[in-house]
Each structure stands twice: as C-alpha cells, then as structure tokens.
Amino acid sequence: MKVGIIKNSWFERGKEMADEKSQLDLLRDKLTYSRTNCWNLFNSDRIMSFADDYKKILTAGKTEREYAMIAEEMLVANGYQKLPDTGNAYPTSLLQKKYYRSIKGKGVIAFFGGRRPLSEGVNLVASHIDSPRLDIKQNPLYEDSGFAFLDTHYYGGIKTYQWMNIPLALHGKIVRKDGTEVAISIGESALDPVFVISDILPHLARDYKSKTVGEVFKNEALDVIIGSLPIEFNEKEKEAVKLNMLKILHEKYQITEEDFLSAELEIVPRGEALDVGFDRSMILGYGHDDRICAYTSLKALLDMTEPPELSSCVLLLDKEEIGSEGNTGAKTKAIEEFFEDLIAVSGENIRLSKVFAKSACLSADVSAALDPHFKDAFEEKNAPYFHKGIVLSKYTGAGGKSGSSDASAEFVGKIRRLFNEQNVKFQTAELGKVDVGGGGTVAKYFGERGMEVIDAGPALLSMHAPYEICAKDDLYETYRAYSAFLAHHK
Ligand code: MN
Ligand code: MN
C-alpha cells in the first residue's frame, strides 16, 4: 500500500483510504487465495534441504536411545568432547569449550562456552527425545488361536485405535542372562517383516457405532501379531506357534523367553518420514514430538561459529511423555551434576543455584496446530497455525493453568524483542480451548530451578498420532529461533 499524503480534512483522508481499500479489494479478489506465511521470507531451497536433512535423522532415530546416539555422533563430529569428571579437572576458561555428556544413553547435554562467566547465566534450550509408543511388557509372549503375540503397555498419551492395522517396527535392547546385550531394529528396511495389531472388519462392527471409543478400544488389547506358523509345522504341539517364535528369536539373537525380563523393546510406526502435499510443504513422520525441537536446537548449537556472549546449553531429555520422571527425565539431578562439573572446570567461585537463577531456558516442545476438522477443540484467536513460525506458549497446563509454568510478561517481552530484532517469525498460542483438555512440558522443571522459561516450538497436526505432521517452513523457523536465542539472548 502506498503512503498517502496527510490531508487537512479527516473526511478527505477517510475517503482516500476507502478508495485505496476498494482497489485493494479488487486486487485481492483477483489474486487470492493467499495468506501471510513465513515460507517466502527465505530461500525455499534452503527450507527444502533443511527439511531433507531432518527427515533422515527423524527416520534414523525412532527411540530415545537411537536418537541420543545420533546426537552424540553429531556432537563428536563437530568437535565436542566429553565433559571431564571434576576429579580429573583443572580450572580452565570455558570460552569456546565444547562439552557434552550422555544421560544414561537416553539423553544428552551439550555445552558451548561463551565470552561471559557462568555466574552471568547460561542460555538453555531443552527438548525431549522420547515419543508416544507401545512398550513390550516384561512377560510379553503368548499364543492364542494360532497366532503368536507380544503384549504391550502403552507409553505416553495415545489414541488406541490409531495403532491398529498399521505397519509396526520393533526397536530396542535386550540384556541377556549373562549380561551381554543385543540391539534390535526390525521392520524399517524394505526387506524386513513388520508387525501389526489386527482390527475387526466393518461387517462385524455394528457395536462400534453405539458404543463409546473407550468401550470399544482397550489399551490392554494392543497386542502385536508376530507370527502364525507352528514349530516344524507340528500342530499337535501345545503352544507350537509360540515355541516357533522362540526358536526363531534364539537363532537370530541368541535369546530365550526369560531374556524379555531385562529388555526395553518399543513398538513404533514403521517407515521413513515423507513429504506431504503436491507442494511438498509438510512432513509426515513418527516422533516430531519432540525430535523436531531436539534436531533444530542441536543443529542451532552445532552451527554456531562464534562463541556467544552467554554460554549455550542444549538438553535432549527422556521421559517427558510420562511426566519427566526418573534419572533421564527433566527432573534428573544429572543436569545439576553436569553444571557442578562445569563450575569446577571453570574454577569460578559460584554456587550452582546462582548460575541457574541467572539463566534463561526455552522449553522446546511442539504445540497443537488448529485442525480445520476439529475447530471445536480450539479457540481460534489463540490457536497456532502452520506457516506462521515458531509458537511461543506463555503457559500450558490443564483447567485453570494447573501444572503450568507461566512465563513472566518481562521475559515474554524480552524474547519478543529478540525475535523481532533477529527477524524470527513467531506466533503465540495455548493448547486448545479452556477446559477441553490440557498438557504440560518440561518448562516447569526449569522454572523450579530458578530460570526464566517459556515454551517455544513448532505447531503440529495429528500430535501424538503414529504419524504426525509439521510444516517445513515452521521447522526452519524453529531452527532460526533457537539460533537467535542461543547467540543473542543476554
Ligand atoms: Mn512434547
Ligand atoms: Mn507429547
């Protein structure tokens, strides 16, 4: 729109504006359908190639263990070294130092030393690398009506029916009786078999229409078919199919039924992340929640060429989907241990609580994009949309913000100014309409440590479904947002 000359009379100016608007209307009628988005702000080749790299990592890292391993490989390839234990350390400047530490193989903490001392605080980006899935039980194997099954216990928030009748893969680790370990990944290669949970045909599903979803679909019934042939084709043998499965497993992995007792096996959707749409503007994949934030934050850290003012820290955590519990979730004291060791290495005379109190954290997690077919669940003014950039959520929680870490106006204002200065496209949102549900993130655990914290991550469609959907420009914008925060927040 052109800049009009200010007229003496409000009436004349008003008339001119009305003329401009009607011309604009004509133009809009002619050229639309369009809406503002961040796709065109940047080179779309860059967005596409960034998305291709992300798709490869998303496909390769389907469990927290696999993802943590990939992250460590990326860190080592970029010159990061294991943070020494305090006992071996002698004080040294942290400037430009690149350190990382594994959190029991299921999480990673990475650190890049800035120009200022730890006592002035650290910028952290914290995401999680566990995703909703079906875990194999400790005593999982049984046979029924000629089929062999593995019984599962779901992990995180799932909609039961979404896991039925789709190709499933088995990932994880088994520790044998003698302590030796075997890593498992079956179902991802085109040559591999897959696993499946059967569903009833519509012809015999009349009940489904009158019953509630909870009555029809039982999580206890999520048992995965793993085979159907009896051993040596001998149908008289009791549990001959189960025995055949054990024979195959023993031949291939040298395990017995008892070895399931000390195993962590996860059933996840099979297959690679794929482009969605004629325009290839979106990605369908398992575990965007929250590996999209894990990937973009780690990439932002690794791509930093100059040391930042304040030191940078990226955390990839486990167990967020079940409340950030245990020794690998956001509540773990492994985070304190890492920073205590950093303080020891730096030789600074400062208490850990002081470092945390000066620090700022982006709780890097996804939010739920407005779904046009389920608008009732959203409040449209405060719902996030695809192609509008990273989503800042001042608070999450359920009911009256219960379980939420509510970011202060001051901190939101600071992040808002930072993103504006760095030309990062962002939107603000909350999770659905008031009282339709709710959820939380790791934000509150960093708030409890005394840090300023706000939730920041891209919006997804079909969040927590076996295959979730993200927009490629939002993915790229999330990377730019984390880069801007790590490099420039102070
Ligand atoms: Mn999440
Ligand atoms: Mn989640």
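Listed values, structure above:
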| item | result |
| --- | --- |
| Rg followed by Dmax, in Å, when segment 309-362 is reduced to its Cα trace | 12.5, 37 |
| Phi to ³J(HN,Hα) by Karplus 6.51 cos²θ - 1.76 cosθ + 1.60 over segment 465-478, Hz, x for Gly, Pro | 6, x, 10, 9, 10, 10, 9, 5, 6, 5, 4, 5, 5, 5 |
| Radius of gyration and maximum dimension Dmax of the chain, Cα, Å | 25.7, 101 |
| Accessible carbon and sulfur surface of the chain relative to its total accessible area, %, 1.4 Å | 53 percent |
| Sequence ranges 330-336, 462-468, ranked by mean other-Cβ count within 10 angstrom, highest first | 462-468, 330-336 |
| Phi to ³J(HN,Hα) by Karplus 6.51 cos²θ - 1.76 cosθ + 1.60 over segment 410-424, Hz, x for Gly, Pro | 4, 6, 4, x, 5, 5, 4, 5, 4, 5, 5, 4, 8, 6, 8 |
| Rounded to 5, the percent of DSSP beta bridges in the chain classed as antiparallel | 70 percent |
| Residue pairs, from the table Lys299/Lys354; Lys56/Lys375; Lys354/Lys444, whose Cα atoms sit over 21 Å apart | Lys299/Lys354; Lys56/Lys375 |
| Estimated vicinal HN-Hα couplings, Hz - segment 68-79 in sequence order (Karplus 6.51, -1.76, 1.60; Gly, Pro = x) | 4, 5, 4, 4, 5, 4, 5, 5, 4, 5, 9, x |
| Where labels lie 7 Å past Cα in the beta-carbon direction, separation of Leu27 and Gln162 in nm | 4.2 nm |
| Flagged links, alpha-carbon separation over 28 Å, of Lys177/Lys247; Lys137/Lys209; Lys104/Lys472; Lys98/Lys490; Lys394/Lys472; Lys319/Lys358 | Lys137/Lys209; Lys104/Lys472 |
| Crossing angle, helix 44-60 versus the chain [Cα axis fit, 0-90 degrees, rounded to tens] | 30 degrees |
| Candidate aspartates and glutamates for bridging to Lys218, where Cα separation is under 16 Å - those fewer than 8 sequence places away on the same chain excluded | Asp135, Asp151, Asp199, Asp207 |
| Cα gyration tensor shape of segment 355-402, rounded if a/c is under 1.5, else prolate or oblate by comparing a/b with b/c | oblate |
| Chymotrypsin sites (Phe, Trp or Tyr not before Pro) restricted to DSSP loop in segment 258-314 with at most 15 other C-beta within 10 Å | Phe278 |
| Cα-projected label distance for Lys211 with Lys401, points at 7 Å along beta-carbon direction, nm | 4.2 nm |
| Residue-level accessible surface for Ser408, protein heavy atoms, 1.4 Å, Å² | 40 Å² |
| Binned Cα-Cα distance frequencies in segment 326-458 - 5 Å width, integer % | 2, 10, 17, 19, 17, 13, 11, 5, 3, 1, 0, 0 |
| Inter-site label distance for Val182 and Gln96 at 7 Å from Cα along Cβ, in nm | 4.9 nm |
| Length-normalised contact order for segment 132-272 - Cα pairs under 8 Å, 6+ apart - percent | 38 percent |
| Mean residue ellipticity (222 nm) of the chain, computed from DSSP H runs ≥ 4 via -39,500 (n - 2.57), nearest 500 | -9500 deg cm²/dmol |
| Whole-number D in µm²/s for segment 154-225 (Stokes-Einstein; Kirkwood sum over Cα pairs; 25 °C, 0.890 mPa s) | 166 µm²/s |
| P(r), alpha carbons of segment 369-437 - 5 Å bins starting at zero, rounded % | 4, 16, 22, 23, 19, 10, 5, 0 |
| Solvent exposure of the chain as accessible area per residue, Å², 1.4 Å probe | 50 Å² |
| Between helix 334-346 and the chain: long-axis angle, C-alpha atoms, 0 to 90°, nearest 10 | 60 degrees |
| Convex hull volume of segment 133-269 per residue (C-alpha atoms, cubic angstrom) | 130 Å³ |
| Spatially proximal lysines relative to Lys30 (Cα-Cα < 26 Å; intrachain offsets below 8 disregarded) | Lys2, Lys15, Lys21, Lys388 |
| Gain upon complete extension [Tyr154, Leu246; 0.36 nm per residue less C-alpha separation] | 30.8 nm |
| Length-normalised contact order for the chain - Cα pairs under 8 Å, 6+ apart - percent | 22 percent |
| Rounded if a/c under 1.5, otherwise prolate or oblate - segment 390-487, Cα gyration tensor axes | oblate |
| Interchain or long-range residues, amide H under 5 Å from Glu309's placed H | Arg115 |
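The values are calculated or read from the model by the stated rules, or taken from the named source; none is laboratory data. Predicted model, so just to flag it, every value in this text is computed and none were measured. Ideal geometry is used to build each Cβ from the backbone, glycine not excepted, and the neighbour counts take in all protein chains shown. The accessibility values were calculated without ligands, DNA or RNA, using every heavy atom of the protein model including side chains. Shrake-Rupley method; radii C 1.70, N 1.55, O 1.52, S 1.80 Å.
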